[in-house]
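Right, one structure below, let's go through it.
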Amino acid sequence: MTDNTPVRHEPAQTTTATRDRAESSATTTGQASRAGDRGAGQQTHGVDAQSVALVAVFTALLVAAAVVPGIPVGGFGVPITLQTLAVVLTGLVLGPLRGGLAVALYLLLGFVGLPVFSRGQSGLQVLSGPTAGYLVSFLVAALVVGVAARVVVRRTNRSLWVPLLLLASFATTVAVVHALGVVGLMVNLRLPLSAAISADLPFLPGDLVKDVVAVVAAVAVHRAFPDVLVRPRRPSA
């Protein structure tokens, strides 16, 4: 006896619908993943507004420190100013990259003709004067002390910040700022080493005091705004 009951195709239709939903879900997931990748790329390569603002603020601080009248010392035209304080503070607060950018921008403004160096000087001709070594040292000092600050603030206990940053600042002041300053005096004024060191020594005590002020101020900033050098990690998706 022949069975004339028609064959039902619902399972095939169900399978097809399930497959369509799976393909649609995969497509949506892929699009979301690509959109997330693009968003992450934009966050990685985009301009950080906070960094731009900080660099601008500390560049202005460097200019203000140079505008304050210096105290003439000796007969070589190198005054005592607040510039070393501003440079060390910039590196300690902003770290090597942003601190270096702030100092580089300050130097660029002076080299193109703006009177932002001590005693209102400007232009490339300052590189042939007695302060050339000190000006060059500012950029190097900001980078060096910035690296030290980033390591100390990110990896050590807060109770160690002041002594470690003081040590780093003192070492940078002596080994970078004053060493390059002595070289500049020897090259541009044709002084022997002993005479250049003698001309530089009166600036050292004051610069070490400025380092203390800069470290205390920088530690206060990092305690109040811990994300300046240590930014919170974004939660992974």
statement: So residue 125 and residue 223, fully extended at 0.36 nm per residue minus their Cα-Cα distance, gain in nm 31.2 nm
- request: Starting with the highest mean, order 220-226, 94-100 by the number of other Cβ atoms within 10 Å, averaged over the residues of each peptide.
  value: 94-100, 220-226
Largest-first principal axis extents, alpha carbons of the range 81-166, Å: 45, 20, 16
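Values in this text are rule-based calculations from the coordinates and carry no lab data. Treat the numbers as computed from the prediction; the structure is a model and nothing was measured. So basically every Cβ, Gly included, is an ideal-geometry build from the backbone, and we count neighbours across all protein chains shown.
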